[in-house]
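The values are calculated or read from the model by the stated rules, or taken from the named source; none is laboratory data. Worth saying up front: this structure is predicted, and the values here are computed from it rather than measured. Reconstructed Cβ throughout: ideal geometry from the backbone, glycine too, with neighbour counts over all protein chains shown. Note: accessible area is taken over every heavy atom of the protein model, side chains too, but ligands, DNA and RNA are not part of it. Shrake-Rupley method; radii C 1.70, N 1.55, O 1.52, S 1.80 Å.
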Amino acid sequence: MNLPLFLSKRIYRDTSDGKQVSRPAVLIAMIGIAIGLAVMIIAVSVVIGFKTEIRNKVIGFGSHIQISNFDAVRSYETRPVLVNDSMMAALSDYEEVKHVQRYSTKPGMIKTDDAFQGMVLKGVGPEFDASFFREHLLEGEIPMFSDSASSNQVVISKTLANKLHLKLGDKIYTYYIQDDVRARRLTIKGIYQTNFSEYDNLFLLTDICMVNRLNGWEKGQVSGVEIAVKDYSKLEETTYRIAADTDNQLDYMGGVYYVRNIEQLNPQIFAWLGLLDLNVWVILILMVGVAGFTMISGLLILIIERTNMIGVLKALGANDLTIRKVFLWFSVFLIGKGMLWGNLIGLTFYFIQMQFGVFKLDPETYYVDTVPVSFSLLHFVLINVGTLLAAVLMLLGPSFLITKINPATSMRYE
């Protein structure tokens, strides 16, 4: 029989039945573990959910990787590159690539009877993956976009529609300034809302054919190519592989291909998201510290109350290591019970928020209207194992107090 384990179970049963004066200390220790673990689960799930939501919205507007003209960096008034069927096929042949689509952009202005608003007309072709916009579509539908004819239909954001008092089916006049002012009358076919104001205030979707005509480009010329990858964790590797084959190459019309991924295109946003990881680590360290210190205080109180028992065990021949194991096993029981309650609280919050979105946010500030949550089994296991190991390791030092107890005096301890 494992003596330390047997004795620790006996002490645990006694304290659970309320027979010992250390019951408040035991409760405080378990509550500290439960609250700490619950906060860690909630914090990690919210931060991961928030990062995933924002990242997916940025990617939804620009895909994972873009190939454009080197002379058109950071501008929506782009210079074209030639993208023909053979280039599209070559890009699709990369093992890591999931989807390839062309796009063209043209800055302009929407004018109504009582207001006007700057915007960017983004043209896409029949290969356009509209799943992101369908997910955020509020009214209407996503048209079948064409690269050979202009339907004069657009998908506009709810933000722009509200600013200009527009609704589904309205005709809008748009103006584009080049050598002269050009106008187009477009019909609102769909209204979307992503709550990502940086893009909702900007983009209208339409046929790539019309945008190319507005730009005065030749057949095959576009602003660039958007590439979706299968595995986001391999984004950098895929970017450099495509760049090695494409970067700085000239098309026969003089355009220079330039490959960048979504993180390079939006460094401020992804730097901001990266800072959230630091916040998570701060929370994790603080919560582990709180849980560990409550366990330390509980263990010290228990050792003091069990001084008589420690003296008896030493008089019977038990060494310090054996007795320390007794109290460390007891601490593991307490930590386990606290972790059980912590997991229950944290996972309950996670599932309620994921299903019902109880906690709301201001989309103008946070880009989402509810607190997003996302979690995985790996994160769950790592948090639990890390908490258990950290708490037990923090108890090793205080358990050395047992070595200072003298059997001759402790057996008379009251």
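Annotations for the structure displayed:
- Of the helices (runs of 4 or more DSSP H) entirely within the range 230-314, those holding at least 3 residues that are open to solvent by 70 Å² or more (accessible area, probe 1.4 Å) occupy 235-246, 267-305.
- Breaking point among (1) of a type in the set (S, T, N, Q); (2) within 26 Å of V81 (Cα to Cα); (3) part of a loop (DSSP other than H, G, I, E, B), for T174: (3)
- Yes/no for D369 being among the charged types (D, E, K, R), open to solvent by 50 Å² or more (accessible area, probe 1.4 Å), in contact with a strand residue (DSSP E or B) (Cβ under 9 Å, 6 or more places away or on another chain) and under 30 Å from H64 (Cβ atoms): yes
- From N195, N212, N201, residue being over 33 Å from the mean Cα position of the chain (by Cα) and not hydroxyl-bearing (S, T, Y): N212
- Residue list for the range 40-92, restricted to those being open to solvent by 30 Å² or more (accessible area, probe 1.4 Å), of a type in the set (A, V, I, L, M, F, W, C) and farther than 18 Å from D247 by Cβ: I42, V46, I48, A89
- In the range 191-205, the residues that are touching a Leu at 6+ places or on another chain (Cβ under 6 Å) and open to solvent by less than 30 Å² (accessible area, probe 1.4 Å): I191, Y192, L204
- Matching residues, the range 158-174, being closer than 18 Å to K106 by Cβ and open to solvent by less than 70 Å² (accessible area, probe 1.4 Å): L160, I172, T174
- Number of residues in the range 349-404 that are hydroxyl-bearing (S, T, Y) and touching an Asp or Glu at 6+ places or on another chain (Cβ under 6 Å): the value is 1.
- Where a residue in the range 317-333 is over 19 Å from G298 (Cα atoms) and its partner, wherever it lies, is at pLDDT below 75 and open to solvent by 40 Å² or more (accessible area, probe 1.4 Å), with Cβ under 7 Å and at least six apart: D320/T403; T322/L3
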